[in-house]
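Step one of this worksheet: look at the structure below.
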Amino acid sequence: MLDAAQATPGLDYSVLKQVPGILSSHIAIKSPSLRERSYGYGWIRTQLPGVVGLVRDNAGLWDMKDSPVLGTPDQLLLMIYHQGSTVGYYTFIALFPGSKSAIAVLTNSIAVSDAADWIDRIFIRALFDLRDNNDYVKLAEEGNKRVIKSYQDRINAGDELREKHDGGQQISRLEAYVGRYNNPSKPFHIVIMLPEENNSELVLQFQGLKDRTYALRHLYHHVFDWVLTHDEAKRRGRYPDTSLEIFWFKFELDKHGHVNSLIWVIDLIGSTIEIFMKVDVHNYGFC
């Protein structure tokens, strides 16, 4: 791949022939920066010493000015790296064109913070004998504390909203929210139900599946949340996301005051909103 990066870009659709364009700088990232720090097509170019790990979960744990720096000023290196993740694993791949070397770390589980990021940095430091004096065990421990705290901060923020609004404008009968809500453009639906053993609190089921059942708590007005603690999220195998609004369902009413849809912001970065239309109220009274 590094050899391909030195070649002239090809005209066909072979990925290897497009490597020069893929790894080239296309836009600055986290500016200002004295040294190079830019984004290609899925790859970040960073001149070491510098802050790395900018596109995955460790990035938000520290402000840029406080983030650990990999490398020292007397050891200049061009590092091109890619980070990936989904439910169940993290990845970190680092390329070094100057030495034609690469380091790839793949994990088969999701740690509290991004373990692949920390491990890759340790290997990079060993490969090039970097003398940045970072203690990555302590950094990982501190990162883990900050992740867990962010979950609690999210729960506290929701509690503050409840206290601030003190309910307000909620329909008095929870049965009004019960029903099946379909996404008009995707084969996905959400079922809102009242548990038979506790009819004072709604639950939701993604795709109507019992093993995808979550408690739905009133937040304010016609907004409910299904916020999870850190341990709950891990037990359910959910990708770590501490954004409060991701866990909000906002119910909409028609002109007669009847609940007819719910709105779910599924992606805060892209402001992606999905609307689910209420299509059925039968057989969902209790679960």
Would you check if there is a residue in segment 67-74 being farther than 24 Å from Ser243 by Cα, among the hydroxyl-bearing types (Ser, Thr, Tyr) and surrounded by fewer than 16 Cβ atoms within 10 Å (Cβ to Cβ)?
yes
Going by the structure shown, is Leu216 of a type in the set (A, V, I, L, M, F, W, C) and without any contact (Cβ under 8 Å) to a residue 40 or more places away in the chain?
yes
Residues (crowded, with 20+ Cβ neighbours inside 10 Å and under 26 Å from Ala111 (Cα atoms)) located in segment 21-47
Trp43, Ile44, Arg45, Thr46
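Here is a yes/no grid of residues against (1) more than 27 Å from the chain's Cα centre (by Cα); (2) crowded, with 18+ Cβ neighbours inside 10 Å; (3) more than 30 Å from Tyr220 (Cβ to Cβ); (4) not assigned by TED's automatic domain parsing to the domain that holds Ile22:
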| residue | (1), (2), (3), (4) |
| --- | --- |
| Ser85 | no, yes, yes, no |
| Tyr90 | no, yes, yes, no |
| Ala94 | no, yes, yes, no |
| Gly98 | yes, no, yes, no |
| Thr107 | no, no, yes, no |
| Ile110 | no, yes, yes, no |
| Trp118 | no, yes, yes, no |
| Arg121 | no, yes, yes, no |
| Ala157 | no, no, no, yes |
Checked segment 170-203 for anything assigned to a loop (DSSP other than H, G, I, E, B) and surrounded by 10 or more Cβ atoms within 10 Å (Cβ to Cβ); matches are Gln170, Ile171, Val178, Asn183, Pro184, Phe188, Leu194, Pro195, Asn198, Asn199, Glu201
Kindly establish whether Gly158 is over 25 Å from His258 (Cα atoms) and among the small types (Gly, Ala, Ser).
yes
Anything in segment 133-155 that is exposed (fewer than 15 other Cβ atoms within 10 Å of the Cβ), over 22 Å from the mean Cα position of the chain (by Cα) and not β-branched (Val, Ile, Thr)? List them, or say none.
Asn133, Asp135, Lys138
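Conditions tested, residue by residue: (1) acidic (Asp, Glu); (2) closer than 23 Å to Thr272 by Cβ; (3) without any contact (Cβ under 8 Å) to a residue 60 or more places away in the chain.
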| residue | (1), (2), (3) |
| --- | --- |
| Asp153 | yes, no, no |
| Ala176 | no, no, no |
| Ser185 | no, yes, yes |
| Val203 | no, no, no |
| Asp231 | yes, no, yes |
| Glu252 | yes, yes, yes |
Would you check which residues across segment 143-179 are out of contact with any Pro (no Cβ under 8 Å at 6 or more places or on another chain) and within 25 Å of Ala104 (Cβ to Cβ) and list them?
Gly143, Asn144
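The values are calculated or read from the model by the stated rules, or taken from the named source; none is laboratory data. Values in this document were obtained by computation on a predicted structure and should not be read as measured data. Positions of Cβ are generated from backbone atoms using ideal geometry, with glycine treated the same way; all protein chains shown enter the neighbour counts.
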